[in-house]
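Written out below as structure tokens is the structure these notes cover.
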Amino acid sequence: MKTNLMLKTGKSALIASALLVSGVGTALADGAGTTYAFGGYAKFDAMFTDYSDATPASSDLIRQFYLPSALPVGDGSASGDLSADFQARETRLFFKADTVTEGGDKIGAYVEMDFFTHADGNELVSNSYSPRLRHAFLKYNGWLFGQTWSTFQDVAALPENLDFVGPAEGTTFVRQSQVRYTTGAWEFAAENPETFYSIEGGAIRQSSGTDTMPDLVARYTFKLSNGGYIKVAGLYRQLNVVNTAVDASESAFAASASGKFMFGKNDLRWMATYGTGVGRYLALAAGVDAVATAGATTTGTYTSLKAVDEMGAFVSYRHLWSDQWRSNFTYGYLSIDNPTESPTNVTKDASSIHVNLIYTPAPKLDIGAEIMYAERSLENNVDGDMTRLMISAKYAF
């Protein structure tokens, strides 16, 4: 939900600023001008989680939302008591502006933030957390410049889960800076590159910072007659690592298909992704893009990268029991074919099941409960699981 203000430039801009500060809902000015909108939502989450192994520290991200790579694993001897977490950190704010010039050009800008992931606050007294940048981009006709969802990701297919992402192991999920061009059903983008890799017999899960070529994405959307759709996307990457330990590069490719099928008011949402070197795009970077392997010289430099094959998928059915009650049934799965040179303590597969019930007593107000079960196993066959009950309330404005 958003609040709109449309006005001309000059003195009217000052009026708009005053209206935004005072909370006035809508103001209009005659003639062509710029439309401003602001909105977001306030959200409260209560999470009660049972981990099969050691309970993560309160500052760990998995205590904020389901993060497959952070799910504790072990032999069960470190299992603790049920943990309780209350938070309002998913609360979100955005501001946007759109202009149509006299020549018919469309120009716009969008900025959005929330309060997730930061470790700069604590739960002792004030629970104060800094805002973080989610989106910041401008648009000019068919062009987009700035940070937003990767063109390789289909946000519209994400399930309606109370958890921040839901079936995180089965979905692509990346926000990053890019240049995108849209024409009809086609989208083409050059996006920020960052190789995520591990070293044979050494360090795991690190970023290179030495990429020289942007990640390239193309996507096409098929619209279905009943309001559903299918999207197909392709990704090409040039992985590159140059430092004192590694000097190597490798090409990587991936494809993803997703969509929504309508059954009256109900729908089925799904996504399937497969690729080599797709690690950081899939499952919130549960796996790496590549492993620096063999060919170590006498100076200790690894001279080759072996891209990692991954497959992730999810399916979610959304059912409306009535105008006020609905449920979502979701399953996600991830499989990583780690090379034999990979460290043994890396993720091999993960899965999760989510079931929720959401009640809407008034427009834009949702109150719901969700039960989630997730599990993860490593290449060395050590595994772990978690069960979480989540109760949420959200009001969009």
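Descriptive notes on the structure:
- Those strands (runs of 3 or more DSSP E) lying entirely in segment 222-306 with at least 3 residues of a type in the set (A, V, I, L, M, F, W, C) and in contact with a Gly (Cβ under 9 Å, 6 or more places away or on another chain): 229-242, 247-263, 266-276
- VAL165 being closer than 30 Å to THR387 by Cα, in contact (Cβ under 8 Å) with a residue 60 or more places away in the chain and out of contact with any strand residue (DSSP E or B) (no Cβ under 9 Å at 6 or more places or on another chain): yes
- Of the criteria (1) touching a His at 6+ places or on another chain (Cβ under 6 Å); (2) in contact (Cβ under 8 Å) with a residue 60 or more places away in the chain; (3) not charged (D, E, K, R), which one SER258 fails: (1)
Residue-wise test of (1) under 24 Å from the mean Cα position of the chain (by Cα); (2) surrounded by 17 or more Cβ atoms within 10 Å (Cβ to Cβ); (3) among the acidic types (Asp, Glu).
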{"residue": "ALA285", "(1), (2), (3)": "yes, yes, no"}
{"residue": "ALA292", "(1), (2), (3)": "no, yes, no"}
{"residue": "LEU305", "(1), (2), (3)": "no, yes, no"}
{"residue": "ALA313", "(1), (2), (3)": "yes, yes, no"}
{"residue": "ASP349", "(1), (2), (3)": "yes, yes, yes"}
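- Top-ranked residue of segment 140-182 - restricted to ones that are outside any loop (DSSP other than H, G, I, E, B) and farther than 20 Å from ASP215 by Cα, ranked as farthest from the chain's Cα centre (by Cα): TYR140
- Of all residues in segment 184-217, those satisfying the criterion of being surrounded by 14 or more Cβ atoms within 10 Å (Cβ to Cβ), free of Cβ contacts under 8 Å to residues at least 60 places away in the same chain and among the small types (Gly, Ala, Ser) are ALA189, ALA190, SER207, SER208.
- Hits in segment 340-356 (condition: hydroxyl-bearing (Ser, Thr, Tyr), over 13 Å from GLY170 (Cα atoms) and not in a loop (DSSP other than H, G, I, E, B)): THR347
Listed here are the residues, each with its yes/no results for (1) without any contact (Cβ under 8 Å) to a residue 40 or more places away in the chain; (2) closer than 17 Å to SER352 by Cα; (3) among the acidic types (Asp, Glu).
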residue: TYR51; (1), (2), (3): no, yes, no
residue: PRO68; (1), (2), (3): no, yes, no
residue: GLY80; (1), (2), (3): yes, no, no
residue: GLN87; (1), (2), (3): no, no, no
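- Out of SER392, SER335, one residue alone is over 30 Å from PHE94 (Cα atoms) and either assigned to a loop (DSSP other than H, G, I, E, B) or in contact (Cβ under 8 Å) with a residue 12 or more places away in the chain (or both). It is SER335.
- Screening THR221, THR244 for residues that are of a type in the set (Ser, Thr, Tyr), modelled with pLDDT under 95 and surrounded by fewer than 19 Cβ atoms within 10 Å (Cβ to Cβ) leaves exactly one candidate, THR244.
The values are calculated or read from the model by the stated rules, or taken from the named source; none is laboratory data. Model, not experiment: these values are computed from the prediction. Cβ sites come from the backbone with ideal geometry, for glycine too, and all protein chains shown count toward neighbours.
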